[in-house]
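Worksheet for the structure shown next.
Here, each number is a calculation from the coordinates, and none is a lab measurement. Computed from a predicted structure; not experimentally measured. Using ideal geometry, Cβ is built from the backbone for each residue, glycine included, and neighbour counts are taken over all protein chains shown.
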Amino acid sequence: MSVFDPMSGRQERVSYNDSSSARMLHRGCQSLAGGDSSTMRVLPYHLPLVAKRGLGSRLWDIDDNEYIDLNMAYGPLIFGHCAPDVVAAVTRQISEFGSQLGFPTEITIQAAEKIKQLFPSMELLRFANSGTEACASAIRLARTATRRRKLILFEGHYHGWSEAVFNRYHAPLDALPERGFGPAIPGTIGMSSSLDDVVVCEWNNIETFERCLQENGYDVAGVMMEPIMGNASLLPPREGFLQTVRELTIDHGSMLIFDEVITGLRASSGGAQERYLVTPDITVVSKSIGGGSPVAAFGASEEVMQAVVSGEMFHGGVFSGNATVMAAANAVLTRVIAEKDDLYPQLERTTGILAKGLHDILTRLNVPHQMNQIGSLLGVILTHGDVPQISNYRGIRKHGDFDRYITFQQHMQLEGIYFHPNMFEAMFISAAHTEEDMAIVLGRMEAGAERCLVC
Ligand SMILES: Cc1ncc(COP(=O)(O)O)c(C=O)c1O
């Protein structure tokens, strides 16, 4: 069979090996388009892995092969698979109170109060079912609040697949404008003209951003970014970048939107805005908030959110804030608030062991690389030779050795360590990962790197 690879933009042939996972995926392809419901999970170079169950830091496939999971379902499982308090809260909600009540519920209010406590800039918020939905609402809110239409996004940043924003965020280098910003390229076939008002700019480059703002300036409703770029490996903002963007957006009367879908509860308990002390106008959170249940939220000051309160800006959703998911979110947030003083140093320490250990291995073996750890997030970039510090999408595209990373990942997957084969994806560590887990991971990574990264 053949599959479209969004990384290369090519139609690739997939060869299946003879595992049960491979056979199951083949069966899946007869009913599910491509074998699963997200293209990211069935990329052509992804060795077949059909998951059966997860517990703590471990995952098992349908052949009962065990993996130490460094992906944590792309981030949400901040307390690991099957976290007991989350499971208990969800089970109790469903069995004693009902999964979906169709009315306001106290559990939703409790979860909202806790988000507000952790993210004080979200004075009022609304729940949604996915990061995509919440990002689309955040943009609508910025347009409503400013009565302007234009939006500035950044290269390599992903804000979901809605009509509002889905641009080719992993565009090839030759498609990127030389001057550092230009019109958004649609991310998929089948889009309308919704991106006509969207400009995409190089990230972490304040001069380029200033020029972009000067040109589009007073028409810009919102400037939206991942405050730590998490969809093109993991890159921190340069010193002062977020602060300057904040000042410039205030000067131009544009809303600053932080998409903290990845960084919320991971960069710190209060996200990147707490870590870097920069307050956006509008915030989106998701992933870790639900601990594995589909939840997201967008929020802002009371003043900005008045448009939603009054109904002037529509926001709805049958499943938005449904009770099962709210029970999960409430359990995650309760634990984060109760344990954050110990939890975050622990997450930082465990992730740091992996970061330092892998860095030492790759350095000893002379494998050129760069690495960034922020909280429980780790980005590993294998490079073609020693290159200057990479600070944005163009840098990774230019210097990243994606093929070598896939070779390493495939080898590690067969050795029972799972992280995503796309080097643009970060690794995600949970509170369930132990220092012993990291010792096992590093032992296998050392052997794996010696076998397949040394020329
Ligand atoms: C930063 C960011 N924003 C938005 C989204 C979209 O979220 P979802 O996949 O839940 O729609 C993602 C998904 O990975 C993301 O990483």
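Numbers at a glance
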item	result
Packing-based ranking, highest mean first, of 175-186, 368-379 given that Cβ atoms within 10 Å are counted	368-379, 175-186
Cα centroid separation, the stretch 209-253 to the stretch 338-395 (Å)	24 Å
Arg349-Ser194 pseudo-label distance in nm [points 7 Å out on the Cα-to-Cβ vector]	4.5 nm
Calculated [θ] (222 nm, deg cm²/dmol) that DSSP helices of n ≥ 4 give over the chain, each run adding -39,500 (n - 2.57)	-11500 deg cm²/dmol
Farthest toward positive dipole pole in the stretch 314-455 [+1 Lys/Arg, -1 Asp/Glu at C-beta], among Thr350, Ala432, Met326	Met326
Cα pair distances in the stretch 65-144, grouped into 10 Å bins until the bin that holds the longest one, percent each	13, 33, 38, 14, 2, 0
Projected label distance in nm at Cys82 and Phe319, using a 7 Å step from Cα toward the beta-carbon	2.4 nm
Ranked packing of 36-42, 435-441, most packed first, by mean Cβ within 10 Å	435-441, 36-42
Under 23 Å, Cα to Cα: Lys pairs in the chain, sequence gap 8 or more or different chains	6
Average Cα contact separation per residue, the stretch 84-336, under 8 Å, 6 or more apart, as relative contact order %	31 percent
Alpha carbon convex hull of the stretch 84-336, volume per residue in cubic angstrom	124 Å³
Coarse-grained scattering of the stretch 369-414 at q = 0.26, 0.28, 0.29 Å⁻¹, given as base-10 log I(q)/I(0) from a Debye sum over alpha-carbon atoms	-1.00, -1.06, -1.09
Peptides 280-286, 309-315, 218-224, 244-250 ordered by average Cβ neighbours within 10 Å, highest first	280-286, 218-224, 244-250, 309-315
Those residues of the stretch 135-153 whose amide nitrogen sits under 16 Å from the label point placed on Ser310, 7 Å along Cα→Cβ	141-148
Additional length obtainable on full extension of the chain from Leu173 to Gln110, 0.36 nm per residue less Cα span	18.1 nm
Neighbour-count ranking [beta-carbon atoms within 10 angstrom, fewest first] of Lys114, Lys398	Lys398, Lys114
Pairwise Cα inverse-distance average, inverted: Kirkwood Rh of the chain (Å)	22.6 Å
Full-extension gain in nm, Glu66 to Asp342, via 0.36 nm per residue minus C-alpha separation	96.5 nm
Length added when fully stretched, Ala73-Thr39, from 0.36 nm per residue minus Cα-Cα	10.8 nm
